[in-house]
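The structure appears below as structure tokens.
The values are calculated or read from the model by the stated rules, or taken from the named source; none is laboratory data. On a predicted model such as this, the values are computed, not experimentally measured, just so you know. Methodologically, a virtual Cβ is constructed for each residue, glycine included, from the backbone with ideal geometry; neighbour enumeration extends over all protein chains shown.
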Amino acid sequence: MRSIRSRLVAAAPALALAALLAACGGDATTPEPAPPDADAAATAPEQDPDAEPASGFPLELEVAGRTLSLPARPERIVSLSPSTTEGLFAVGAGAQVVAVDEYSDFPAEAPTTDLSGFTPNVEAIVGYDPDLVIVSYDPGDLVASLETAGVPVLVLDAAVDLDGALAQLGTLGTVTGNVATAQDVVRSLEDRIEAAVASVPPLDVPATYVHVLDDALFTATSATFIGSVYGRFGLENAADAADPDGEAFGYPQLSAEYLVDADPDLVFLPGGDADAFAALPGLGGLRAVASDRVVELAPDVASRWGPRVVDFVERVAATVATLPEPAATTP
């Protein structure tokens, strides 16, 4: 389970990012690869014959207190956020994407490179001749440097909840000229989320859970995007008390003793192994282990705020629906 925190940094708010990178041993001096051959970079991507007409441009849009100006529909997009990459392809802008960061491994056709969203190399990014770069936060002077080079930059901060994630898909549709497709995608996701939440009857007393990121017992509290998903089902996060002041940015490390005392009804493991978790010292007697409610999750689905987050929502719904009444009402 050790790789999950390195993947989760892509979904962490900017303030939490530095702490998580430090915990994962992130190397801020790792060089970027040389930029691609200029001739290759100048080659326009193949156009999607089913793409929407490039209407709505020139475009000026206010996003998170910044003004984005696009003279024309962007056709050479660089995405430095895995969640954004998934969103771009979901709203029909995949053919407009020429490069994505090293962690953007979905969908399979995404043009993954060695570009980094955490220790970015401006020269390497500009080497792809982008007409739009999308980032999830601004490390150092990246945005200013790109804009000085004449490259428009869209900053989409980590979503704080499901509504924010859906709103970002709408924004991606607008800035890429795929408004109608994005609207259809958002409506479909909203319907699936509403159906998942409605499928689970409200619990008289909230069931408790922990979302364990790795075998060092780092967790995510209710203050995170991850926690907001569980909150839709009225679940109570047993890790909240470990970070009451937010000093761990919503990602506190628990001890085995803490987990034993909390004894949650449910344990969710993104990228983890239920048997390996149960074998950790002191955890074999947890209620969730005894009742076979240690739930393995796909790590990238659970840590990103892209369109696949609905799969995470549905997985949680299916799990909560299996809770017997005694587990849900135990004081």
Residue 98 passes all but one of the listed conditions (1) of a type in the set (A, V, I, L, M); (2) more than 14 Å from the chain's Cα centre (by Cα); (3) buried (at least 19 other Cβ atoms within 10 Å of the Cβ); (4) assigned to a loop (DSSP other than H, G, I, E, B); the exception is number (4)
Residue check: is residue 169 of a type outside the set (Asp, Glu) and outside the structural domain of residue 294 (by TED's automatic domain parsing)? yes
Criterion first (at pLDDT below 95, under 20 Å from residue 197 (Cβ atoms), surrounded by fewer than 19 Cβ atoms within 10 Å (Cβ to Cβ) and among the aliphatic types (A, V, I, L, M)) does residue 302 satisfy it? no
With a cut-off of at least 2 residues that are under 30 Å from residue 274 (Cα atoms), name the strands (runs of 3 or more DSSP E) lying wholly within region 104-214. 208-211
Of everything in region 222-240, what is part of a loop (DSSP other than H, G, I, E, B), in contact with an Asp or Glu (Cβ under 9 Å, 6 or more places away or on another chain) and polar (S, T, N, Q)? Give them in sequence order. 222
Conditions: (1) farther than 27 Å from residue 264 by Cα; (2) free of Cβ contacts under 8 Å to residues at least 40 places away in the same chain. Residue 168 meets all but one. Number of the miss? (2)
